[in-house]
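Below are the structure tokens for one structure; questions will follow.
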């Protein structure tokens, strides 16, 4: 209902009262009753709307109770004008309140539209937020895959590290074994060197002994020759007279020759024995020296090979240590990157959860405000509907009063009276 209609209602003075069923205030109390009057349908018609039809038609038959023909008290109620003025003021105040309620309703409708717009925006934001959630889940899935890859790399690197540690331990044991072998070979070499040195000393001693014996043999030979010459000289210059049996003759030359041959044989045999012994010992020492030389060369070759193996193992150990350090650094970097990624993901999740919680709280608060406004709007709608019903009732009452006034005026002008029965039905009576 618009404000113009309200003003039109106010100007027409057609508002119905809250009681809804008041009788004419312009009539006084009816003296006597109307139950004794009977009218035919062709002579007179009066409806509830108060309009009069067929007053000039001829009356066919009419029976009148003369006791009812007494004059009616048609005095106008003095409170009618005051009540009408009061009703007009009340209508004005109601119109003003109604206009205020209309403005308030318009304002609330605008607020309702604004809240609906905000709700749509929030719902749209919620939809967009729900569109962000799959991206966030995809990001989290990517981070989880990265974490799985990092864990797999870590496991793989741990396996490689264990393998490298096993290889290092094997090479370490081999290195220790080679060191022990080298020490044993060095000890054997020292022992062999001592044996060679002792053999060389024995050889030198034997050579010295051979030289001394050779000199002694030469000296004895010279002494023997010198003694032999002296003996020959003394024999040659000396004449010996020996008394002996003539039957036997002494051949000195033969004796000397025999002695000489014996000494020469002894000297030759001694020389041969000494030469044979010295030669045998020299051969033995030469064989031992050659054996020791061969063994020494073999040991030197083995020592050189061991030194090369040791250097190669040391280089491999250094390379393995460098690779291990690199793998440990890579593992530490991977763990650090994984921890940073996890921390960033957790911080991102926490921020998103906080933002989502704030958005939910804002949405709940706005929904509560919207629900409060909707409740207020519903209450105002109920109040407006109530006032509308009241105004419509007042309009009907005023229309009823207006038509009643018009009917009263026509009855006065035509000489008829209007009344109502106990059921509220209006009827008119012609005056005689």
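The values are calculated or read from the model by the stated rules, or taken from the named source; none is laboratory data. Please read all numbers here as calculations on a predicted model, not as lab measurements. Cβ atoms come from the backbone with ideal geometry, glycine included; neighbour counts cover every protein chain shown.
Taking region 157-211 as the region of interest, how many residues are surrounded by 12 or more Cβ atoms within 10 Å (Cβ to Cβ) and within 27 Å of residue 303 (Cα to Cα)?
20
Could I ask something else about it? Identify all residues within region 322-351 that are in contact (Cβ under 8 Å) with a residue 24 or more places away in the chain and within 13 Å of residue 168 (Cα to Cα); write none if there are none.
Passing the criteria: 323, 324.
Answer yes or no as to whether residue 395 is within 30 Å of residue 180 (Cα to Cα), in contact with a helix residue (DSSP H, G or I) (Cβ under 7 Å, 6 or more places away or on another chain) and touching a residue at least 12 places away in the same chain (Cβ under 8 Å).
No: the conditions fail for residue 395.
Another question about this same structure. What number of residues in region 352-361 are free of Cβ contacts under 8 Å to residues at least 24 places away in the same chain and surrounded by 11 or more Cβ atoms within 10 Å (Cβ to Cβ)? Spell out how you get there, then give the answer.
Going through region 352-361, the residues free of Cβ contacts under 8 Å to residues at least 24 places away in the same chain turn out to be 353-355, 357-358, 360-361.
Next, only the ones that are surrounded by 11 or more Cβ atoms within 10 Å (Cβ to Cβ) stay: 355, 360.
Adding up the residues that qualify gives 2.
So, of the residues in region 262-277 that are surrounded by 12 or more Cβ atoms within 10 Å (Cβ to Cβ) and more than 26 Å from residue 205 (Cβ to Cβ), which turns out to be modelled with the lowest pLDDT?
Here is the first cut: in region 262-277, the ones surrounded by 12 or more Cβ atoms within 10 Å (Cβ to Cβ) are 263-264, 267, 270-271, 274-275, 277.
Narrowing the set further to residues that are more than 26 Å from residue 205 (Cβ to Cβ) leaves 263-264.
Values: 263: 75, 264: 79.
In this case the residue turns out to be 263.
Which residues, counting only those in region 279-289, are farther than 10 Å from residue 199 by Cβ and at pLDDT 80 or above?
Of everything in region 279-289, those that are farther than 10 Å from residue 199 by Cβ and at pLDDT 80 or above turn out to be 279, 280, 283, 287.
Moving on. Only one of these is in a helix (DSSP H, G or I) and in contact with a helix residue (DSSP H, G or I) (Cβ under 7 Å, 6 or more places away or on another chain): 215, 195. Name it. Can you show your working first?
On the way: 215 fails: in contact with a helix residue (DSSP H, G or I) (Cβ under 7 Å, 6 or more places away or on another chain).
Being in a helix (DSSP H, G or I) and in contact with a helix residue (DSSP H, G or I) (Cβ under 7 Å, 6 or more places away or on another chain) holds for just one of 215, 195, which is 195.
Within 60 Å of the chain's Cα centre (by Cα) and either surrounded by 14 or more Cβ atoms within 10 Å (Cβ to Cβ) or in a helix (DSSP H, G or I) (or both): is that true of residue 222 in this structure?
No: the conditions fail for residue 222.
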